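Please treat every number below as a calculation from the coordinates, not as lab data. All of these numbers come straight from a predicted model, not from anything done at the bench. Quick reminder, even Gly has a Cβ in these numbers, built from the backbone with ideal geometry, and neighbours come from all protein chains shown.
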Amino acid sequence: MTHSDPASPEFWRRRWREGRCGWHKDDVNEKLRRYVGRLSPAPGRRVLVPLCGASLDLGFLADAGFEPVGVEVVEDAVARLFPGAEPDASAGTVHTRDGVTVVCGDFFACDLSPFAPFAAFYDRGALVAIPPRLREAYARRIEELVAKGARGLVVTVAYDGPADVGPPFSVPAAEIERLFGGAFEVEVLESVPDASMPGSFADHGVTNFSEGAYLLTRRGS
């Protein structure tokens, strides 16, 4: 994997170093605000947040009474959340403050057994950030980490255009069903056509840019 490959941690480390973090928002995601009450039907309120970056959504979840556990491979992002800490993805360091825990490491490989099974999960930008070839592995990793009956809020984008224009990569509703429909019940919470898309996307011929939000409920009891 090269530094131009979104599957490589160095791709994201470079983005953070260079300040090219268009996905990072200085506010809580509006869809999380809207649907946070749908997240926890199962006993326990520990929420898995893959590829969490330095998201303010973690603090929002903690304030809402959840126990968010983020996973992030970029040390600079973790250091934003925990000033003075020395995160190390190679060691899988764990950082906790104000009800928020973040494991610094590779989501696909780091040890999350001390926290699993999770009662819920929240994905605002993980699935759309990874290359399509990793989606199956991502879905199975989520499946193995969450409890029966757990719910997940997944926020995506979808569009027409070149397959390699992302990230964010297009993840339409049919792809959510394909990836998760076997182990999860999938409910479409909303689909927003003509959403605001990254400026560079128009230059690459992207059209029909939309946003989606899905509630996934792990089958079983």
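Under 5 Å between amide hydrogens, built in the peptide plane, is the criterion, and for Val47 it picks out Glu67, Val69 among residues at least 5 positions away or on other chains. Please check which bits of region 132-171 a label hung off Val188 would reach, taking the label as a point 7 Å along Cα-to-C-beta and the cut-off as backbone N under 19 Å. Of the residues in region 132-171, 152-161, 170-171 have backbone N under 19 Å from the label point off Val188. Between Ala64 and Glu136, the FRET efficiency estimated from the beta carbon spacing at R0 = 35 angstrom works out to 0.65. Using the Cβ-Cβ distance between Asp76 and Phe108 with R0 set to 30 Å, the FRET efficiency from 1/(1 + (r/R0)^6) comes to roughly 0.90.
The length gained on full extension between Asp164 and Asp88, counted as 0.36 nm times the residue separation minus their Cα-Cα distance, comes to 24.4 nm. Across region 101-112, computed HN-Hα scalar couplings (Karplus, 6.51 cos²θ - 1.76 cosθ + 1.60, θ = phi - 60°) run 10, 10, 9, 8, x, 6, 4, 6, 10, 6, 7, 10 Hz from first to last residue, x flagging Gly and Pro. Rounded to the nearest whole Hz, the Karplus-based 3J(HN,Hα) values (6.51 cos²θ - 1.76 cosθ + 1.60, θ = phi - 60°) of region 176-191 follow the sequence 4, 5, 5, 6, 10, x, x, 9, 10, 7, 10, 10, 7, 7, 6, 9, with x at glycine and proline. Tell me whether region 119-168 comes out rounded, prolate or oblate; compute the Cα gyration tensor, take square roots of the eigenvalues as a ≥ b ≥ c, and use a/c under 1.5 as the rounded threshold. Since a/c reaches 1.5 and a/b is larger than b/c, the shape of region 119-168 is classed as prolate.
By the count of neighbouring beta-carbon atoms within 10 Å, fewest first, Asp123, Asp203, Asp26 end up ordered Asp26, Asp203, Asp123. For region 13-144, the square roots of the Cα gyration tensor eigenvalues, ordered a ≥ b ≥ c, give a/c below 1.5, which places it in the rounded category. Annotation: amide H of Ala150 within the under-5 Å range of Arg218, sequence separation 5 or more or interchain, hydrogens built in the peptide plane. Residue order for Val78, Val188, fewest other beta carbons within 10 angstrom first, comes to Val188, Val78. Database remark: amide H of Thr93 closer than 5 angstrom to the amide H of Asp88, Cys104 (H placed geometrically; neighbours at sequence offset of 5 or more, or on other chains; Pro and chain starts carry no H). Restricting region 104-155 to trypsin sites (Lys or Arg not before Pro) that sit in a DSSP loop and have at most 12 other Cβ atoms within 10 Å of their own Cβ leaves nothing.
Taking other C-beta atoms within 10 Å as the exposure proxy, Phe201, Phe121 rank Phe201, Phe121 from fewest upward. Phi angles of region 127-142 translate, via the Karplus equation with coefficients 6.51, -1.76, 1.60 and θ = phi - 60°, into HN-Hα couplings of 4, 7, 8, 8, x, x, 5, 9, 5, 4, 5, 5, 4, 5, 5, 4 Hz per residue; Gly and Pro are given as x. In plain terms, the bigger the Kirkwood radius, the slower the diffusion; for region 144-192, with that radius from Cα pairs, at 37 °C and 0.692 mPa s, Stokes-Einstein puts D at 264 µm²/s. Of all DSSP beta bridges in the chain, what percent run antiparallel (nearest 5)? Of the beta bridges lying entirely in the chain, close to 60 percent run antiparallel.
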